Amino acid sequence: MNMQHHQQQHHQQQHPQQQQHPQQYQHPQQYQHPQQYQQPQQYQQPQQYQQPQRYQQRGHSQQPVSIAVITPLARTQGWARFLSILGFITCALIFIVSLMMLVAGGMSKVGGMKSFGVVGFFLYMGIGALYFYPALKLSQYASRIAILRQTRSERDLARALEEQRAFWAFCGIMTVITLALYAFLLFLVAVGGMRSVF
């Protein structure tokens, strides 16, 4: 037994490094790799993430409208107001005439005049409504221009142009309808003339 113990001690003294080998086998630094696990933090790019905010700022600029744009529109404000007032006066006169026709038809003792008064009343009321809409749009356009001169805002500019667009769209539609009615009347006149000839 003493001989075996002595041989073990002698073997440990000759190979001390082999006993410490399990301690050298641990490599905590190579196993953890802290830089590789922190890569998701480096991947974050806050500037690119804030791009929608900068896009909204470019899309909705807070800069005032240029004077070179407002000045020509401001020169049309007075004419638009003048024409709108004339339109409202015309509508009022047409409504008065329609009421007079209705009253006159009701007071008449002739049966045909009563029906004529009712038809004339509704006809003139429709004509007055056609005059009222463009007059209203011109009045709103003039009011929008007055607000635009004070605020110089793009929103007020867009609203003023929208009122002007509605006015010209109505005028265009009425022009097309009028031309179609004239063409239809000419067609009827041509057909009547051809029948009279043959």
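A short reminder: the numbers here are calculations on the coordinates, not readings from a lab. Keep in mind the model is a prediction, meaning the values are calculated, not measured. Quick reminder, even Gly has a Cβ in these numbers, built from the backbone with ideal geometry, and neighbours come from all protein chains shown.
Tell me the label-point distance for the pair F116, I147, using the 7 Å Cα-to-Cβ offset, in nm and rounded to one decimal.
4.8 nm
If r is the Cβ-Cβ distance from L161 to L186 and R0 is 41 Å, what FRET efficiency results, to the nearest 0.05?
According to the calculation, E is roughly 0.65.
Highest mean first, how do 126-138, 179-191, 63-75 rank when packing is the count of other Cβ atoms within 10 Å averaged over residues?
126-138, 63-75, 179-191
Percent of Cα-Cα pairs per 5 Å bin, from 0 to the last occupied bin, for the stretch 76-188, please list those.
All Cα pairs considered, the percentages come to 2, 12, 14, 14, 14, 13, 11, 8, 5, 3, 2, 1, 0.
So how much slack lies between T175 and L130, counting 0.36 nm per residue of separation and subtracting their Cα-Cα distance, in nm?
15.0 nm
Evaluate the Debye formula for the stretch 145-186 with equal point scatterers sitting on the alpha carbons, no solvent, and hand back log10 of I(q)/I(0) at q = 0.21, 0.22, 0.24, 0.35 Å⁻¹, in q order, two decimals.
-0.66, -0.69, -0.75, -1.03
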